[in-house]
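The values are calculated or read from the model by the stated rules, or taken from the named source; none is laboratory data. This is a predicted model, so every value here is computed, not measured. For neighbour counting, all protein chains shown are included, and Cβ atoms are generated from backbone atoms with ideal geometry for every residue, glycine included.
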Amino acid sequence: MLGIVGPSPLQSALTHTLTTQANPSRAAQQRAYMKTTQPFAGLTAPELRAALKVIFKAHLPATESAWRQEVLSLWRTAPVREQQHAAIALAFHKPCRSWLTSNHWDMLDELIVSGAWWDFIDALAPNHHAWLLANEPDVIKPLLRAYALDDNMWRRRVAILCQLKTKAATDEALLVDCITPSLDHKEFFVRKAIGWALRAHSRTNPQVVIAFIEQHAERLSPLSKREGLKLLLKSGTVSAIP
């Protein structure tokens, strides 16, 4: 039980905003683009960010427990996709961010497994999961390595993409451990994630990326290799895809 009876003031304010700013024409386009049956209200990303800034400031959860309840309530009761993105945003909202610890790994896992689509995963992995990794590496690294072996491809995508923004702080051993179990994976979203992660790290350590791709050239998909070497091909650091 969440302990919330009826919509909270935050959720009511969000519902009002999503209703008054709804754009049915854009909502239909968003739904088609995302290839989902879930309805949209039709707000643009900047419109939603601006609205959430005001709503979160006016209705900031007072305690860690209230914050968790609010995140899960927003997620579980969402009539439109924007409300679930609001839940993800609240989970990483700066005034609440200190509450985001490994104690709430299960909360994030619910968002991964029940969300099961790239827009949610790509908001969570390089932000929420990267934050946990930076703050609790000894706890989080084994969890990410377990995700990298999981049957659920979205957990795998989280493990692969969680260091997307870490630059020089990237743990290369962890990156390799999170990519390697998926070298032969057939799913597009996993192959794309591998390429994206390698491309991001090529900005920091191109030689490591080149060596990894050369070592695993027979197993990596053309998509992963092409995405991983994209910047290096453009700069002339490499001349061809192995």
Taking segment 5-32 and the residues there that are in a loop (DSSP other than H, G, I, E, B) and aliphatic (A, V, I, L, M), the one that is surrounded by the fewest Cβ atoms within 10 Å (Cβ to Cβ) would be V5
The condition of being assigned to a helix (DSSP H, G or I), under 22 Å from P206 (Cα atoms) and of a type outside the set (F, W, Y) holds, among D109, D122, D177, D138, only for D177
Cβ pairs under 7 Å, 6+ apart or interchain, first in segment 39-51 and in the same structural domain as A13 (by TED's automatic domain parsing) and under 16 Å from I88 (Cβ atoms), second assigned to a helix (DSSP H, G or I) and β-branched (V, I, T), ordered by first then second residue, are A51/T17
Inside segment 33-86, the number of residues satisfying the requirement of being β-branched (V, I, T) and buried (at least 16 other Cβ atoms within 10 Å of the Cβ) is 3
message = Given the condition of a type in the set (A, V, I, L, M, F, W, C), without any contact (Cβ under 8 Å) to a residue 24 or more places away in the chain and outside any loop (DSSP other than H, G, I, E, B), answer yes or no: does some residue in segment 125-132 qualify?
response = no
Exactly one of L90, L10 is within 30 Å of V139 (Cβ to Cβ) and within 21 Å of the chain's Cα centre (by Cα), and that one is L90
Checked pairs for segment 15-31, first closer than 15 Å to L48 by Cα, second charged (D, E, K, R) and in a helix (DSSP H, G or I), C-beta under 7 Å and 6 or more apart or across chains, list as L18/E82; Q21/E47
Of A217, A197, A159, A168, the only residue that is outside any helix (DSSP H, G or I) and not acidic (D, E) is A217
Discussion item. Among the residues in segment 64-76, are any among the β-branched types (V, I, T), more than 17 Å from S12 (Cα to Cα) and without any contact (Cβ under 8 Å) to a residue 40 or more places away in the chain?
Written reply: no
task: Return yes when R191 is basic (K, R), under 21 Å from V71 (Cα atoms), modelled with pLDDT of 95 or more and out of contact with any strand residue (DSSP E or B) (no Cβ under 8 Å at 6 or more places or on another chain) and no when it is not.
output: no
Residues of segment 1-22 being modelled with pLDDT of 75 or more and of a type in the set (A, V, I, L, M, F, W, C), in sequence order, are L10, A13, L14, L18, A22
*Does I210 satisfy the condition of being over 28 Å from H93 (Cα atoms) and among the β-branched types (V, I, T)?*
yes
Does P39 count as outside any helix (DSSP H, G or I) and more than 30 Å from P137 (Cβ to Cβ)? yes
